[in-house]
Structure formats: structure tokens, C-alpha cells
Amino acid sequence: MHPRTLKLLVTTAVVTLLLSTAAVAQPARRVGHRPRPKDASLLVIGHRGASGYRPEHTMASYKLAIRLGADYIEPDLVSTSDGILVARHENEISQTTDVDQHPEFADRRTTKMIDGRPLTGWFTEDFTLRELRTLRAKERIPDVRQRNTLYNGRELIPTFQQVINLAKRASRRGRTIGIYPETKHPTYFDSIGLSLEEPLVRALRRNGLDRRKAAVFVQSFETANLRQLDKVVKVPLVQLIPGSGAPYDRVAAGSDQTYDDLVTPAGLRRVARYADAIGPDKNRIIPRDPGGFLQEPTSLVDDAHAAGLLVHPYTFRNENTFLPADYRSSGAPDDYGNAFAEYQRFFELGVDGLFSDNPDTAMEARRSFADAQD
């Protein structure tokens with residue numbers, strides 16, 4: 001056995017033993033890169049904060065996620081015209097802000113090609129940060145989350161730095177709160193001269209978060225930017241994998257590579273050369289039939305682990321409309337169903353964490369699962 005390989009195996013065993021009760025996972029090690037995590041960490045990632053209870057990507061949502069026990073909070077990152085990273089699910093903001101109520105910005109409504117598709121609305125890259133801060137957030141899916149509309153108009157669009165500051169302040173109170181940023185549409189932002197990666201790296205370094213033990217994961221649906229980041233940061237990287245389609249950077253480059261290719265055993269081994277985890281659509285782990293009922297699980301979790309990758313599926317939510325038909329409580333889409341049963345199924349399959357709109361539900365499910373293992 002090569003001495004370096006032997007050293008890696010010994011280090012892995014020691015780290016796994018010593019960290020068996022740690023609260024925050026570290027990423028799987030790639031050769032010469034990052035330390036291996038403990039097993040069964042079961043991280044709870046507050047998806048866009050606690051977006052089941054507050055409008056997504058607001059400070060109120062992130063603060064609530066922390067109070068409800070989330071290990072990490074997730075800001076999706078887009079850019080302003082002056083190069084400031086802000087937290088929005090999309091760079092088109094008509095669904096998540098009151099921009100359409102601002103006559104001074106009416107002439108900025110436009111149509112753009114985003115990842116090869118036309119999209120009409122208002123876009124963060126056409127606003128300075130000062131201008132964006134005159135807007136207020138609103139609930140993105142009011143038909144399902146009518147209660148969240150109570151908070152419409154109360155929250156500003158936060159910057160990435162504000163989210164970092166929040167996590168750091170919360171961590172000083174005795175529990176580490178991690179951040180899990182996603183770069184949105186990186187190829188598009190590169191094309192307009194507003195690259196997301198450089199300001200992201202600067203922010204991590206400025207805040208002392210570009211360290212192997214920092215509570216940070218960086219995620220993307222594209223592949224090229226993760227390969228770029230792998231050369232310049234020490235934090236773990238996460239390849240997001242939706243239920244269908246192809247990474248847009250590969251499409252733009254003329255490649256026929258799809259997300260289906262990434263989830264094969266060979267594809268996962270290739271992902272492990274630049275990433276530490278995958279964030280798959282949960283239906284890639286347990287597919288649903290046309291009626292919405294769960295089918296037999298795939299081998300994705302085991303295959304990813306065999307490639308040395310953590311698995312953090314998305315997105316877990318309480319409402320019937322998002323749950324498998326097996327666990328719906330009624331025909332009302334906004335009623336809560338048996339979300340605990342869904343969490344249990346995925347924990348049993350060995351996922352390492354998950355994204356949840358309802359961190360308190362995820363935490364209770366995690367506690368119940370842990371108690372059952374004792």
C-alpha cells in the first residue's frame with residue numbers, strides 16, 4: 001500500500017472516532033484536499049432560512065431557522081449591478097419582492113435569456129444595492145403559504161455579508177451555525193461581467209471562513225464553477241442534481257452531458273474529483289409513480305457514499321402538495337401531512353443531511369430517529 005494511502009486511511013479512522021458526537025459535519029476527503037467527516041451527521045439545512053414560516057431569503061427567515069435548530073442556513077446568491085452578492089432564489093425578483101409596486105422602476109421590466117430560456121421581469125443585476133434596498137420582500141407561493149403573507153412588506157433583501165454576520169453572531173452563543181451558499185446561474189452572470197465566484201471567495205476569506213474546519217458548504221447546479229472553486233477554496237463543494245435536465249455550463253459548451261450521467265457510479269466518481277457532496281432532488285433517491293406514491297429506492301445514496309460523497313437531498317416541506325401521496329393528510333394542498341414519515345424513510349436510507357423549509361419538523365424527526373437507534 002502506498003504510504004500516503006495508508007496515512008489517509010489511518011487519519012480517516014481517527015477523525016471518525018473522535019468526531020462521533022460532533023454537531024457539524026465536515027466534508028468527505030478528496031486526495032490531498034479535505035478531512036473526512038464523521039458518519040451519520042444528519043445535518044438540517046434551513047432551506048432559504050425557515051421559508052415554511054417566513055418569506056424566503058429574508059433575515060427574519062434566517063433568524064427563525066436558527067432559533068428552530070437548523071445547523072446551516074442557505075442563501076442563494078445573485079449579484080447587483082454594482083457587484084454585491086445578495087440573497088434571492090432567482091435574479092428575477094417579481095415573485096419575491098414588491099418591485100412591481102415601484103413606478104420608478106417600471107421601465108426596468110425586461111425580457112432576458114437566462115440559461116437558454118426567455119424570462120420577463122425585473123432582475124437584480126439591473127439594480128444597485130441602494131436601489132434594491134428600497135424594495136420589500138414578499139411570500140413567493142402565497143396560495144400555499146397564505147400565513148406567510150402576513151410578513152409581506154416587512155423585510156429587506158439581505159446581502160451575503162449580512163447572512164454571514166448573522167451566522168457568526170449566533171455561533172458566538174455556543175452553537176455553531178453554518179452557511180450553505182448557492183451560486184445561481186453562474187454562467188449567465190459570467191457572461192454579463194458579474195461573476196459570482198470571485199466575490200464569494202473574497203467574502204469567505206474576509207470572514208475567516210475559507211478554512212477546512214469552517215462550517216461552510218458551497219453549492220451549484222453547474223459544474224465548471226465548482227471545478228474553478230475547487231482550485232481556490234478549502235471548504236466543501238456540493239454538486240446539485242435536479243430531477244432532469246443538464247448543467248447549463250455543459251449545455252453552453254455544446255456537451256451532451258446530463259444530470260442522469262452524473263448519478264451513475266462512474267459519474268459520481270467524476271463528481272468526487274472536484275466536489276465533496278451531492279445535493280440531489282429527493283425523487284432521485286425515492287422516485288414517485290404517476291400518482292405521486294413512493295416507489296422502491298434507488299441505489300444513489302449507496303453509490304454516492306461509495307464514491308466518497310456526502311448526500312444532502314432537497315427539499316423537505318410539511319404541506320400536502322409537496323409530500324408523497326403516501327403521506328398526505330387530505331386533498332387540501334396547504335394542509336400539513338405526515339412529514340415525519342417522509343423524513344424517517346430518508347434517514348433510514350443513510351442520507352447525511354437534508355434541506356428543509358421547516359427546520360423544527362426536521363429537527364424533531366432527527367431526534368426521533370436518533371432515539372430509535374439507541
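Coordinate-derived values only; no laboratory data. Worth saying up front: this structure is predicted, and the values here are computed from it rather than measured. Because the Cβ atoms are built from the backbone with ideal geometry, glycine has one as well, and the counts that use them run over all protein chains shown.
Taking amide H as placed 1.01 Å from N in the peptide plane, residue 240 has its amide H under 5 Å from the amide H of 220, 221, 279, each at least 5 places away in sequence or on another chain.
Length gained on full extension, residue 146 to residue 367: 76.7 nm, using 0.36 nm per residue less the C-alpha separation.
Normalised size of the chain, defined as Cα radius of gyration per 2.2 N^0.38 Å with N residues, equals 0.97.
Once C-alpha pairs closer than 8 Å and six or more residues apart are averaged by separation and normalised to the residue number of the chain, the relative contact order reads 17 percent. Between amide H atoms placed 1.01 Å from N, distances below 5 Å from residue 316 occur with 355, 356, 357, all of them 5 or more places distant or on a separate chain. Legend: calculated FRET efficiency, residue 344 to residue 261, from the Cβ-Cβ distance at R0 = 22 Å, rounded to 0.05, equals 0.10. Per-residue Karplus couplings for the stretch 103-111, computed as 6.51 cos²θ - 1.76 cosθ + 1.60 with θ equal to phi - 60°, are listed in order as x, 5, 10, 4, 6, 8, 5, 8, 10 Hz, Gly and Pro entered as x. In this Cβ point-charge picture (+1 for Lys and Arg, -1 for Asp and Glu), the stretch 232-374 has a dipole of about 480 debye about its Cα centre. Per-residue Karplus couplings for the stretch 336-348, computed as 6.51 cos²θ - 1.76 cosθ + 1.60 with θ equal to phi - 60°, are listed in order as 7, x, 8, 4, 4, 5, 5, 4, 4, 4, 6, 5, 4 Hz, Gly and Pro entered as x. Sorting 310-319, 160-169, 198-207 by their mean Cβ neighbour count within 10 Å, with the most densely packed peptide first, gives 310-319, 160-169, 198-207.
Among the listed pairs 63/213; 184/234; 63/184, which are separated by more than 27 Å between their Cα atoms?
none
Dipole magnitude for the chain: about 1820 debye, using +1 per Lys or Arg Cβ and -1 per Asp or Glu Cβ, origin at the Cα centre. Spin-label pair residue 334-residue 234: with each label point 7 Å from Cα along the Cα-Cβ axis, the two points sit 4.8 nm from one another.
Look at the alpha carbon pairs under 8 Å that are at least 6 residues apart: their mean separation over the length of the stretch 323-374 gives a relative contact order of 29 percent. Each Cα pair under 8 Å and six or more residues apart adds its sequence gap; the mean of these over the residue count of the stretch 108-184 is a relative contact order of 17 percent. The Cβ shell under 14 Å around residue 267 holds other residues with a net charge of +1, Lys and Arg each +1, Asp and Glu each -1.
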